[in-house]
Amino acid sequence: MMNCLQFDSKVKRSLNRVLKPAFAILFTSVLLQNSALANVNVEMHQVTKSGQGQLLGTIILTENAHGVVFSPNLKGLTPGQHGFHVHQFASCEPKKKGDKVVPGGAAGGHFDPKASEHHDAPWGDGHLGDLPALYVNESGQAKSPVLAPRLTLEQLKQHAVMIHAGSDNYADEPKPLGGGGSRVACGVIE
């Protein structure tokens, strides 16, 4: 007759034979899944009426279970908060609008594939390209990451990331598109 200790050790050995391979498969699938979500590096340049200007640094885009993290490593910007958005088109070139040339105008408007037609908070129901404001420290550097909870890396391909001169109030009032104003820096997401 088998005692409790012998039975217990047989059960443990049986469980180990079943669970070890299962955990190995699970661990491998998690690693493969995470490696498929590679970071995307976006070079950010100043935008001018004549085209792309000085390189200001990069923004690394990383997808996780909560959305896409935008991790800036930028310098040469005006201190304070800036409007920060994903725009429709993969271009940072200037574009003529009426009799004016708009720096970065070829990027189009905010990325809005669901045609919400209104500016909102990044977690709201407005433009999908509405991002949290970008913070620039007193020395002109932006290094604080922001999270875009409604985006995936796949959705971001062939669009532009734009930094505006002013802050963003996440509304269309009192000024449209959060009141960020002119476009000062841009990068294409490939």
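Over the range 88-161, what is the mean sequence separation of C-alpha contacts under 8 Å (at least six apart), divided by residue count, expressed as relative contact order in percent?
Over the range 88-161, the number comes to 27 percent.
Between Val69 and Ala38, what is the label-to-label distance in nm when each label sits 7 Å out along the Cα-to-Cβ direction?
With each label point 7 Å from Cα toward Cβ, the separation is 2.0 nm.
Enumerate the amide H contacts of Gln81 below 5 Å, restricted to partners 5 or more residues apart or on another chain; note that Pro and chain-start residues carry no placed amide H.
Residues meeting the criterion, in which the H sits 1.01 Å from N, are Val136.
Using per-residue counts of other Cβ atoms within 10 Å, averaged over each peptide, order 156-162, 116-122, 96-102 from highest down.
So the order, starting with the most tightly packed, is 156-162, 116-122, 96-102.
Tell me, what HN-Hα J-couplings in whole Hz come from the Karplus equation 6.51 cos²θ - 1.76 cosθ + 1.60 at θ = phi - 60° for each residue of the range 100-105, using x for Gly and Pro?
Using θ = phi - 60°, the values come out as 10, 9, 9, x, x, x Hz.
What is the percent carbon and sulfur in the accessible area of the range 127-190, measuring with a 1.4 Å probe over the protein chains and ignoring ligands?
Carbon and sulfur: 55 percent of the exposed surface of the range 127-190.
Using the beta-carbon distance between Lys175 and Lys49 and R0 = 25 Å, what value does 1/(1 + (r/R0)^6) give for FRET efficiency, to the nearest 0.05?
Details: r = 22 Å, r/R0 = 0.88.
My answer for the efficiency is 0.70.
Can you give me the distance in nm between label points at Asn137 and Lys96, each placed 7 Å from the Cα along the Cα-to-Cβ direction?
4.4
Multiply the residue separation of Leu147 and Glu190 by 0.36 nm, subtract the distance between their alpha-carbon atoms, and state the gained length in nm to one decimal.
Fully extending the segment from Leu147 to Glu190 adds 13.6 nm.
The values are calculated or read from the model by the stated rules, or taken from the named source; none is laboratory data. Remember, predicted model here, so these are calculated numbers, not experimental data. Note that each Cβ is placed from the backbone with ideal geometry, even for glycine, and that neighbours are counted across all protein chains shown. Calculation scope for accessible area: heavy atoms of the full protein, side chains included, ligands and nucleic acids excluded. Shrake-Rupley method; radii C 1.70, N 1.55, O 1.52, S 1.80 Å.
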